[in-house]
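Colleague: Next up is a structure, given as C-alpha cells.
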Amino acid sequence: GKDIQIDPQYPISQKLFQSFDELQSIYREWNYEIKKIALIAETKSDIPANDMVLSCFSGGVDSTYTYGKCRDEITHIMLIQGFDGYGKIIGWDENKAARKKFAEQQGKKLITVETNVTNFFSKRYISWEVVFGSMLCSLGLALSPKKYFIPSSTTYSHLTPLGAHPMIDQQWGTETTDIIHHGRSATRTAKTEYIAAHKDLLDQLQTCWRSPAVNCGECPKCIRTSIVLRMMGVQSESMPPF
C-alpha cells in the first residue's frame, strides 16, 4: 500500500504517468482489496523512438497467428525465456536456434530476452495470471518500438480479469509506442486453421507446455493443437501426429 517514488533524474512518460490511475482503477474493479497509491515522478513527453515494429513470439498458436496476420508490418520478434513456465531453462538454446532460423527465413530480426521475473513474482506469491501482461508491456517499452503487438490468448466472448487484457495493455503505451492487444476476434481453432494454410507458419509451431525446444505430443497444449490439425488433414513438421 505504499506510494511509488521514482528518482527525479529518471523522468517517465507523461502519457504513461497519466494512465497510471486508470490502470489501478481497472485492477481494483477486479480485486477490491488492491489499494490505490500515488506515483511520484518527473515526466517528459519527448520519449526516444525508433522504427521497430515488435511482436512477442514464442512459436505458439497465438503468437504465430499474430505474426502471420501482421508480418508485413513486423520487423522484430521477441522470444522470452521461461515465459510459459518457471523451470524451462533446459532447451532454451534449442528454442533460440529454432526461432532464429524462422526469423532469418522471414527476413526479420529476433530479440531474445532472459529475465528472472517469473521467479521474482513466484517467490512473493504474486499470481502470474495477474502480472504477465504488465511484464510483457514493460519489456516492449524498454526497446521503444513505434508499435508493439501482444498476442491474445482468448476471444472477446471470454473477456475475464487477466494480466494481458485489451483494456489494460493499451494503457501502458507511451508517446512513441502504441501497444496493440491482437487476435481477440479469432478462436484458437480459427487461429490454427489460419496457420494450417501457411506452411512456413505451420512447420515451426512450438506449443508444448513441457519443453521449449520440442513438442512432446502428449501435454494438453500439444494434444489440442494436433487434434485440430488432424481434423483439417494437415501435419506440422514440428509436431507429432495425434
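Colleague: Is it the case, given these coordinates, that Arg184 is open to solvent by 10 Å² or more (accessible area, probe 1.4 Å) and among the basic types (Lys, Arg)?
Modeller: Against the criterion (open to solvent by 10 Å² or more (accessible area, probe 1.4 Å) and among the basic types (Lys, Arg)), Arg184 does not qualify.
Colleague: Working only within the range 135-152, note down all residues that are crowded, with 18+ Cβ neighbours inside 10 Å, out of contact with any Ser or Thr (no Cβ under 8 Å at 6 or more places or on another chain) and under 18 Å from Ile47 (Cβ atoms).
Modeller: Across the range 135-152, the qualifying residue is only Cys137.
Colleague: A follow-up question, please. Being among the small types (Gly, Ala, Ser) and out of contact with any Asp or Glu (no Cβ under 6 Å at 6 or more places or on another chain) is the requirement here; does Ser153 meet it?
Modeller: The answer is no for Ser153.
Colleague: Identify the residue in the range 179-219 that is out of contact with any helix residue (DSSP H, G or I) (no Cβ under 8 Å at 6 or more places or on another chain) and of a type in the set (Asp, Glu) and, among all such residues, is farthest from Glu94 (Cα to Cα).
Modeller: Out of the qualifying residues, it is Glu218.
Colleague: Just one of Ile223, Ile227, Ile179 is over 17 Å from Arg99 (Cβ atoms) and buried (at least 21 other Cβ atoms within 10 Å of the Cβ); which is it?
Modeller: Ile179
Colleague: Sticking with this structure for a sec: Can you say whether Gly68 is in contact (Cβ under 8 Å) with a residue 12 or more places away in the chain and more than 23 Å from Pro145 (Cβ to Cβ), as far as the supplied structure shows?
Modeller: When the stated conditions are applied, Gly68 does not pass them.
Colleague: Would you confirm, using the coordinates I've provided, whether Tyr65 is hydroxyl-bearing (Ser, Thr, Tyr) and surrounded by fewer than 18 Cβ atoms within 10 Å (Cβ to Cβ)?
Modeller: Taking the combined requirement at face value, the residue does not satisfy it.
Colleague: Residue by residue through the range 155-174, note down the ones that are under 20 Å from Leu141 (Cβ atoms), open to solvent by 70 Å² or more (accessible area, probe 1.4 Å) and touching a residue at least 60 places away in the same chain (Cβ under 8 Å).
Modeller: Met167
Colleague: Additional query: Within the range 10-62, how many residues turn out to be open to solvent by 80 Å² or more (accessible area, probe 1.4 Å) and closer than 30 Å to Glu94 by Cβ?
Modeller: The total comes to 0.
The values are calculated or read from the model by the stated rules, or taken from the named source; none is laboratory data. Not measured: the values here are computed from a predicted model. When we count neighbours, we look across all protein chains shown, and the Cβ atoms used for this are built from the backbone with ideal geometry, even at glycine. Note: accessible area is taken over every heavy atom of the protein model, side chains too, but ligands, DNA and RNA are not part of it. Shrake-Rupley method; radii C 1.70, N 1.55, O 1.52, S 1.80 Å.
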